[in-house]
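Peer 1: The structure that follows is given in the form of structure tokens.
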Amino acid sequence: PAQMKGDLKMFASATQRGMINAKGLLFTAVLFLSLFTSLTAEAALSILSQPANSSVYEGKSISFKVSATSNRTIRYYWYKNGSMLSNKTNTLTISSANATSAGTYSCIVNDGRTKLNCTPFTLTVNEIVRITTQPSNQILDAGTNASLKVAATGTAPMTYQWYKNGTAISGATASTLTYSSSTTSNTGNYYCVVKNPGSSATSSTAALQIVATVSTGSAQISWST
């Protein structure tokens, strides 16, 4: 019986040690897996921010940037309408935009292990103001209708402001300036400034001369000597 008790104690002790060893191995495995997962997550390529749809006026510059993270070297590839561009940095700059700059752009980031695509985005190029019809010089009789006109193209909205002798005319904010019954006080030099949110253009100066008319008539005069 004494020998049996001793054997049981030794067996219980060995079993306990085995359980402790098993728990230690399990803890080590969990710690290794957690560390491996953490390192893997840190190493994974990830896009933090990327460009969105944008617009720019002709002649202006605009830049697009993609921000990515990885513990490996990241390479950047930009595309316009499906064709690869020469730029290989994380920033794409378009200088002095024109109509041909408009299109659908995209980018790819690659760290040699993983390749990610940016969400495609569009670039719209707005037209600057261009005056197509200039106001013309005019000489008119007083009392007649006098009109000065300007025409322009450009991305809406566009605004107009007429000037007389260098001073803005209150309320003259249409493409046509009209005096329905002109007077000599309307004589002067006129021009118009046309604007949209991204540009401005000034017309040529037109001289408007209003001439006073001569009234004619008859009279009967009588006298005594």
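Peer 1: Taking H as built 1.01 Å from N, whose amide H comes closer than 5 Å to the amide H of Asp111, not counting residues under 5 places away?
Peer 2: The list, which skips near neighbours in sequence, is Arg75.
Peer 1: Here is a further query. Between Ser200 and Thr216, what is 0.36 nm times their sequence separation minus the Cα-Cα distance? Round to one decimal in nm.
Peer 2: So the extension gain works out to 0.9 nm.
Peer 1: For an R0 of 45 angstrom, estimate the FRET efficiency from the Cβ-Cβ distance between Ser96 and Asn145 and round to the nearest 0.05.
Peer 2: For R0 = 45 Å, the calculated efficiency reads 0.55.
Peer 1: Turning to a different aspect of this structure: Between the stretch 67-138 and the stretch 182-220, how far is it from one alpha carbon centroid to the other, in angstrom?
Peer 2: 47 Å
Peer 1: Enumerate the calculated ³J(HN,Hα) couplings along the stretch 62-67 in order (Karplus 6.51 cos²θ - 1.76 cosθ + 1.60, θ = phi - 60°), each rounded to whole Hz, writing x wherever the residue is Gly or Pro.
Peer 2: Karplus values, whole Hz, x for Gly and Pro: 8, 10, 10, 10, 10, 10.
Peer 1: On average, how much accessible surface per residue is there in the stretch 77-188, in Å², for a 1.4 Å probe, leaving out ligands, DNA and RNA?
Peer 2: Dividing the accessible area of the stretch 77-188 by its residue count gives 54 Å².
Peer 1: OK, next. Under 5 Å between amide hydrogens, which residues at least 5 positions from Lys164 or on another chain qualify, with H placed 1.01 Å from N in the peptide plane?
Peer 2: Ile169
Peer 1: Can you work out ³J(HN,Hα) from phi for every residue in the stretch 103-116, in order, using Karplus 6.51 cos²θ - 1.76 cosθ + 1.60 and θ = phi - 60°, giving whole Hz and x for Gly and Pro?
Peer 2: Calculated HN-Hα couplings, in order: x, 9, 10, 7, 8, 10, 10, 9, 10, x, 10, 10, 10, 10 Hz.
Peer 1: Could I ask something else about it? Can you give me the long-range amide H partners of Lys60? Hydrogens built in the peptide plane at 1.01 Å from N, cutoff under 5 Å, separation of 5 or more residues or another chain.
Peer 2: Residues meeting the criterion, in which the H sits 1.01 Å from N, are Ala97.
Peer 1: Work out from phi, with θ = phi - 60° and the Karplus expression 6.51 cos²θ - 1.76 cosθ + 1.60, the ³J(HN,Hα) of each residue of the stretch 175-190, listed in order in whole Hz, and give x for Gly and Pro.
Peer 2: 6, 10, 9, 10, 10, 5, 9, 5, 10, 4, 5, 7, 4, x, 9, 10
The values are calculated or read from the model by the stated rules, or taken from the named source; none is laboratory data. These figures come from a predicted structure and were not determined experimentally. We place every Cβ from the backbone using ideal geometry, glycine too, and count neighbours over all the protein chains shown. All accessible areas refer to the heavy atoms of the entire protein, side chains included, with ligands and DNA or RNA removed. Shrake-Rupley method; radii C 1.70, N 1.55, O 1.52, S 1.80 Å.
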